[in-house]
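Each reported figure results from applying straightforward, stated rules to the coordinates on display, with no laboratory input. Model, not experiment: these values are computed from the prediction. Counting neighbours? That spans all protein chains shown, and the Cβs are built from the backbone with ideal geometry, glycine included.
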Amino acid sequence: MYNTIDSLANIFEKIQIEVAEQDDFVYFIDKEHIWTESGGNIYGNLSPDYETFLHGGLNELRICDPKTRFEIHRNRIVEIILRYAGRIEAQLREMETTTAVLRAKWFSRFADYPAESFEEALQRILFVNQLMWQTNHRLVGLGHWDALLGGFYEKGLQNRTLTLEDAFSLLCSALRILHIDYKFKSNLVLGDTGQIIVVGASNQNGDYVGTGLTDLIISAVKELAQPDPKVLLRVNKKMPDDLWETALDCMASGCGSPLLSNDDVIIPHLVSFGVTPEDACSYITSACWEPLIAGKDSSLNNVTSLNFMKGLNNVFQRDNLQKINSYEELKARYRLFLAHNITAVKRVVSQQRFQYDPVLSLFMKGCSESGKDVAHGGAVYHDIGITTVGLSNVVNALLNLKEHVFERHTYTLEEVQSILNDNFENHEPLRKQLSSREIAYGVDDSEVIDLTNELIRFVSEQTSDFRTYLGGRLKFGLSAPAYIDAARDFPASFDGRKMDEPFAVHISNEKISAYTTIINFVAALDLGGNRFNGNVIDLMATPNFIHDNKEKLIALLRIATDIGFFQMQMNVFNSKTLIEAKKRPSDFPNLIVRVWGFSAYMIDLPEEYKDVLIMRALENERSGRV
């Protein structure tokens, strides 16, 4: 642990200071001097505590009369960061320009004073974010910006030290700077940076808490037309119409933002899971959509993924099919193998150990109070989360098996096994029939809803008693980034999916013609208990459809919020544009698409992701939503 502190001190002394004179803020990452340690996994996919540093100096984070190892290390890391900030200040003063002198003043105040202005508060958020990337934290969230900055914004407007135009310009500048290193910051796919800004909120009375800054942040994201950072807008049934309009205009621009998150559903689930009402009302999300408590939560919400389809494939590959004589027996055998898969996932999760992390611990509430590093359970909340994939596919496959094997007796299970092993060779009409069933996942039908709830409740039962080495609980959701990766080399399935073809994306069904169908479906799902780790309806729309139906869509989103959707995102483009962009990528360098929980330039995506988007766009247009 002492080596950890020494290695951090060494890194911060070696970092090359880079100040861009033309930028409004200081922000840089020295990629040659990223902190690396081997004492476990380094935390990522979360947001540090930005708030405390906005309202006080770094010296306030020190421990008076330190005695324990944690307390000594905490004070030492404050000294290391202040020396680093001092080096930046010194370089700014050497530049001698008016702008550089102002920025140097901000850095001189880091030790003992709170931020004074909207501009200085933004600089502090950028500085903490920079520290996280420099110390090798990945997928670093940006926090709840209108909550963090709202007081500075209102004060600046009131005392006339800030204009609306200035605030908009500063927001745009900060967003541009954060986007510059998106290739370095990307994780699995270019654009997957985790840089998410949350806006909007609800208080404990259920009232909507939004400000002019909420609207301004969304408008800045639309103005820049860049995929990253992305925005998540928290909504409730009381959100004003003008903010709905701003959100829809931003979606229609094709930037992929904002993702919508329904407070009326999510906050009660957080409270029932043990989060205090006050903290639940301040939730943000991890890199994509998984609820997380701002600045208090070290929960890793995307450790691994459970493949719902794997259990059914195991039935066909390992079980004695001749002994399965009914649909209920088939489901029972499926649940048995699904339980084995869940056990394997829990084994992976239980092996997670984390690197001693003094920098993140400094910017994580609970660590100082508990006297523990974040890796030792110091944060107020330290649970763990998984995602799931293939639920849509397995629901449709089970319904097809019920119909064709146990009701119509068209095939035996052994014949189905042979068809799947042959990847539907010589059975293309059957494959098309299976994949085009009308009563399917995402449809507001009692049989579909009951089966879906049966499966997710089973996973909940199998995981609810799990505890990590820190005592954290396991939560899961129905959305995952693994719909392509988990399907690689995965055998054909009786939903009509051929080997290697992707699983369905999140909660989606492009074949249905009405958005209300899938919204009603999601509202009927039981997402309580530990089942709230991201449940995103993924919709497709053409630009013309949005522009021609704007008022109707706002009304629909209001109704959907009231009915109780969990989360929602929208990809806005037409298939013709996507097809042309794939053929001639250099002609479409700035075309933005929504991937799983982030937006990206289409030109940056692997070919298989482009193919999925094109396929979904074509299906959406066939459904009549053009």
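Would you mind working out the magnitude of the charge dipole of the chain relative to its Cα centre, with +1 at each Lys and Arg C-beta and -1 at each Asp and Glu C-beta, to the nearest 20 Debye? Please report the intermediate quantities before stating the final value.
Numbers: 63 positive and 83 negative charges, 211 e Å.
For this selection, approximately 1020 debye.
Summary of the geometry: region 426-481 and region 250-292, compared by the centres of their Cα atoms, lie 21 Å apart. Annotation: lysines with alpha-carbon distance below 20 angstrom to residue 582 (same-chain offsets under eight excluded): 610. Between residue 421 and residue 499, the distance separating the two model label sites (each 7 Å from Cα on the Cα→Cβ line) works out to 1.2 nm.
Summary of packing: across the peptides 441-450, 58-67, the per-residue average of other C-beta atoms within 10 Å ranks them, highest first, as 441-450, 58-67.
According to the square roots a ≥ b ≥ c of the eigenvalues of the Cα gyration tensor, what is the shape class of region 2-293, taking rounded for a/c under 1.5, prolate for a/b larger than b/c otherwise, and oblate for the remainder?
Details: a/c = 1.57, a/b = 1.32, b/c = 1.19.
Prolate is the answer for region 2-293, as a/c is 1.5 or above and a/b outweighs b/c.
Packing order of peptides 166-177, 137-148, highest average first: 137-148, 166-177 (average count of other Cβ atoms within 10 Å over each peptide's residues).
Please state the relative contact order of region 301-356 as a whole percent: Cα pairs under 8 Å, 6+ residues apart? List each step's numbers first, then the result.
On the way: 26 pairs, mean separation 28.3, N = 56.
Answer for region 301-356 is 51 percent.
The residue list 618, 206, 433 was ranked by how far each Cα lies along the charge dipole of the chain toward its positive end, using unit charges on Cβ atoms, and 433 comes out on top.
With the cut-off at 1.5 for a/c, could you classify the chain from its C-alpha gyration tensor as rounded, prolate or oblate?
Prolate, because a/c is 1.5 or more and a/b exceeds b/c.
Region 15-47 and region 140-205 have Cα centres lying 18 Å from one another.
Principal-axis analysis of the Cα atoms of the chain puts helix 446-463 at an angle of about 50° to the longest axis. Distance between the modelled labels on residue 350 and residue 428, one decimal in nanometres: 4.9 nm (7 Å Cα→Cβ projection).
Test of understanding: what is the full-extension gain from residue 438 to residue 158, defined as 0.36 nm times their sequence separation minus their Cα-Cα distance? Don't jump to the answer; show the numbers that get you there.
Working: separation 280, 0.36 × 280 = 100.80 nm, distance 5.73 nm.
Contour length minus Cα-Cα distance gives 95.1 nm.
Ordering 203-212, 566-575, 20-29 by mean Cβ neighbour count within 10 Å, with the highest value first, yields 566-575, 20-29, 203-212.
Going 7 Å from the Cα of residue 454 toward and past its Cβ, which residues in region 369-407 have a backbone nitrogen under 20 Å from where you end up? 389-407, by backbone N distance to the label point. Farthest towards the positive end of the charge dipole of the chain, among the residues 442, 39, 541, is the Cα of 39, using unit charges on the Cβ of Lys, Arg, Asp and Glu. Given a Förster distance of 30 angstrom, what is the FRET efficiency for residue 611 paired with residue 590, based on the Cβ-Cβ distance and rounded to 0.05? Efficiency, from the Cβ-Cβ distance: 0.90.
Charge tally for residue 363 (other residues, Cβ to Cβ under 13 Å; Lys, Arg +1; Asp, Glu -1): -2. Would you mind checking the tilt of helix 550-563 against the longest principal axis of the Cα atoms of the chain, expressed as 0 to 90 degrees and rounded to 10? It is inclined by approximately 80 degrees.
Oblate is the label for region 103-224, because the ratio a/c of its alpha-carbon gyration tensor axes (a ≥ b ≥ c) is 1.5 or higher and a/b is not greater than b/c. Between residue 579 and residue 370, residue separation times 0.36 nm minus the direct Cα-Cα distance comes to 69.8 nm.
Per-residue ellipticity at 222 nm computed for the chain from its helices equals -14000 deg cm²/dmol, with DSSP H segments shorter than 4 residues left out and the rest contributing -39,500 (n - 2.57).
Test of the criteria: in region 78-149, which GluC sites (Glu not before Pro) are in a DSSP loop and have at most 11 other Cβ atoms within 10 angstrom of their Cβ?
Working: sites: 79, 89, 94, 96, 116, 119, 120; in loops: 96, 116.
Passing sites in region 78-149 are 96.
Here's the list of aspartates and glutamates a cross-link from residue 583 could span, going by alpha-carbon distance under 17 Å and ignoring same-chain residues fewer than 8 apart: 604, 607, 608, 611.
Principal-axis analysis of the Cα atoms of the chain puts helix 391-401 at an angle of about 0° to the longest axis.
For region 274-283, 3J(HN,Hα) computed residue by residue from phi via the Karplus equation (6.51, -1.76, 1.60; θ = phi - 60°) reads x, 6, 5, x, 4, 5, 4, 6, 9, 5 Hz, glycine and proline entered as x.
With contacts defined as alpha carbon pairs under 8 Å and 6 or more residues apart, what's the relative contact order of the chain in percent?
Values: 1164 pairs, mean separation 93.6, N = 626.
Relative contact order comes out at 15 percent.
Which entries of 185/346; 432/511; 238/552; 296/372; 346/402 show an alpha-carbon separation above 21 angstrom in the structure shown? Working shown, then result.
On the way: 185/346 29 Å; 432/511 13 Å; 238/552 18 Å; 296/372 13 Å; 346/402 30 Å.
Long pairs (Cα-Cα over 21 Å): 185/346; 346/402.
Subtracting the Cα-Cα distance of residue 87 and residue 550 from their residue separation scaled by 0.36 nm leaves 161.5 nm.
Note on residue 516 and residue 204: their simple-model spin labels are 3.8 nm apart, each label 7 Å out from Cα toward Cβ.
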